[in-house]
1. Per the Kirkwood formula on distinct C-alpha pairs, the Rh of the stretch 372-435 is how many angstrom?
2. Please tell me which of these pairs span more than 21 angstrom C-alpha to C-alpha: Lys62/Lys118; Lys270/Lys311; Lys267/Lys308?
3. What residues qualify as long-range amide H neighbours of Trp321, i.e. H under 5 Å apart, gap of 5 or more or another chain, H built at 1.01 Å from N?
4. Considering only protein heavy atoms, with the full assembly of protein chains and a 1.4 angstrom probe, order Arg241, Arg193 by accessible area, largest first.
5. Could you tell me the calculated FRET efficiency between Arg230 and Asn11, based on Cβ-Cβ distance and R0 = 30 angstrom, to the nearest 0.05?
6. Work out how far the C-alpha atoms of the stretch 106-190 reach from end to end along every principal axis, then list the three figures in whole Å, largest first.
7. Counting other Cβ atoms within 10 Å, which trypsin sites (Lys or Arg not before Pro) in the stretch 263-300 have at most 12 and lie in a DSSP loop?
8. From the phi of every residue in the stretch 115-125, what ³J(HN,Hα) in whole Hz does the Karplus formula 6.51 cos²θ - 1.76 cosθ + 1.60 yield, where θ is phi - 60° and glycine or proline is x?
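The values are calculated or read from the model by the stated rules, or taken from the named source; none is laboratory data. Note that the structure is predicted; figures quoted are calculated from it, not measured. Here Cβ is always computed from backbone atoms with ideal geometry, including for glycine, and neighbour counts include all displayed protein chains. Just so you know, the surface numbers come from the protein's heavy atoms only, side chains and all, with ligands and any DNA or RNA stripped out. Shrake-Rupley method; radii C 1.70, N 1.55, O 1.52, S 1.80 Å.
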Amino acid sequence: MKLIGKFVDKNGTGYVNLRPEDDEDMWHLYNIIQQGDLVRAPAIRRIQSVSATGSTESHRVKLNLTIQVSRVEFSSSGAPSSSADQTSSPAGSSAAAPITTSALHISGPVASENRHVKMGAFHTLDIESNRDIRIEKVDGWDSVALARVEEACVPGRGAEVGAVVCGEGTAAFCLLSQHMTLVTHRISVPIPRKASAPGTSQYEKAMAKFYVILYEAFVRHIPYTSPSLRAIVFASPGWVREGVFNAMITEAGRRGDKTLTKALREKTVKVHVSSAHVHSLVEVLKSPEIVAQLKETKFAREGIVLDKFFKMLGVDEMRAWYGPDHVRLAADRGAIGTLLISDELFRSSNLDSASDPKLRKTYVELVEGVQQKGAEVVMFSSMHESGQQLNQLTGIAAILTFPLDVEVVEAEEREAREEERRQQETETLDGGGVG
């Protein structure tokens, strides 16, 4: 993401001009833009005009429109599934994966005058890469939104891990960046059951076909020549990953692709997982090999912290709390050491429109409050498997620095509310007596 312009005063009033460049930038915009924001971006509008003869003409006009956001929709690029690839890469090819495109649609009434479009007319902006977008927040920019803009504009980002999660005859190709996990392609090849002598040859032929298809898909969908790619992961149950890696090395050598051979030898990490499903990426990110190689990256940190929370929940549940109400109680007592929170909680599309601004504000204040007390805040991306697991736990959890009994804390809260009620009744009676 490129920051084209920014003017935000100390009260949070102002605007930001951004230029998205890839899928991850679209995901950032989806998390930045809220209901009620004013968004200005290029648009194409069909205009109808009536000629002097009374005939109606229709034509498209390119213009810049400003709308007040009422709805934001994001969809990631789908991963096609195939049993065979139709095209082959030439020998020695070092092709990188094609750029995938995510769709971001912003809808709402037009909020600024335009000679082609009436004020209040409903329009949907289709946000495109390398096209500038201006965002102005009517209620002001909060610290979470501004931090997201700064994070999105850090240069040198890109896919940091290319992963192939495979089983016998199946493979899913994934790209992991700081905030997204994209499944770029899937393949499936029927493999007969391994049997005695007559069936073994059929099994070996099917596996050989699978290896060739996997090689072709890998070359097209994993950007192994990219400088930002730090690891190539082959993950599988059993020993499938060893066969896949050896077949990749052999085929790259046969085709004379020295670049791929070098990348495989220098960047490959082989990890055992419990299943050949994409959800096994959570196990990949917790593996010691990946932790050692990617320990400073955001998504690896998410996996480590979530694993720490679940372990704490198992051995000392008084130091592992989750749910908005319980986490707020822990925050009020200064007990939070690490706050785990999903970016989904800050998005207007996932909240009731009536309470959205207030609810988002409470989460922003919670984040700022625990940070001021020295706690670590880990913002999880719901486009990663770890973020989806956290969402199943209400999207918010905390690892406490000291144990707290939930029942005791809730009892204290009830007593405090009862005492406050009694004081109010006393003041009311005293006031009535004076009158």
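1. It is 16.0 Å.
2. Listed pairs above 21 Å: Lys270/Lys311; Lys267/Lys308.
3. Those lying under 5 Å, H to H, from Trp321 are Ala398, Leu400.
4. So the residues, ranked largest to smallest area, are Arg193, Arg241.
5. For R0 = 30 Å, the calculated efficiency reads 0.15.
6. Answer, in whole Å and largest first: 59, 32, 21 Å.
7. Here the sparse-neighbourhood loop sites are Lys295.
8. 5, 9, 10, 6, 4, x, 5, 7, 8, 10, 8
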